[in-house]
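The values are calculated or read from the model by the stated rules, or taken from the named source; none is laboratory data. Because the structure is a prediction, the values reported are computed rather than measured. Neighbour counts run over all protein chains shown; Cβ positions are idealised from the backbone, glycine included.
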């Protein structure tokens with residue numbers, strides 16, 4: 001456990017002096033983690049460090065409330081929805097904002113759902129220890 005955190009710390013300290021070695025160390029750290037967890041500060045395709053210089057960050061908003069969904073929400077309050085309409089309403093209620101990070105090196109986009117951090121804290125250039 002301590003070795004994994006050491007590898008991450010060394011990788012972040014080496015990012016300015018030796019970016020290739022830093023990418024390798026952070027790739028080693030991310031591959032030693034569980035398959036479900038994603039290391040958000042490196043690109044999962046090319047393992048480039050995602051700092052504000054070499055990535056683009058966008059926040060995809062929650063879908064807008066359309067007239068159709070508004071009608072269905074009003075009907076839901078009266079409990080008069082069909083199964084299909086209930087699925088539409090549930091899909092709207094479960095929708096959330098998505099953070100899209102595009103790596104400028106490999107030009108691929110990574111989606112982060114349920115992101116409660118803002119863009120600056122996610123891609124800060126400071127090392128969090």
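Exactly one condition in (1) over 30 Å from residue 17 (Cα atoms); (2) in contact with a helix residue (DSSP H, G or I) (Cβ under 8 Å, 6 or more places away or on another chain) is false for residue 96; which is it?
Single failed check for residue 96: (2).
Give region 70-99 a look and list any residue that's closer than 18 Å to residue 110 by Cα and outside any loop (DSSP other than H, G, I, E, B), or say none.
Passing the criteria: 98, 99.
Taking region 44-69 as the region of interest, how many residues are under 21 Å from residue 106 (Cα atoms) and assigned to a loop (DSSP other than H, G, I, E, B)?
10
Taking residue 39, is it outside any helix (DSSP H, G or I), surrounded by 14 or more Cβ atoms within 10 Å (Cβ to Cβ), modelled with pLDDT of 75 or more and touching a helix residue (DSSP H, G or I) at 6+ places or on another chain (Cβ under 8 Å)?
Working: outside any helix (DSSP H, G or I): yes; surrounded by 14 or more Cβ atoms within 10 Å (Cβ to Cβ): yes; modelled with pLDDT of 75 or more: no; touching a helix residue (DSSP H, G or I) at 6+ places or on another chain (Cβ under 8 Å): yes.
So residue 39 does not fit the description; no.
What pairs come up if the first residue lies in region 94-113 and is at negative phi and at pLDDT below 85, the second is surrounded by 14 or more Cβ atoms within 10 Å (Cβ to Cβ) and in a loop (DSSP other than H, G, I, E, B), and their beta carbons are under 8 Å apart, counting only those six or more places apart or on different chains?
Filtered contacts from region 94-113: 112/40.
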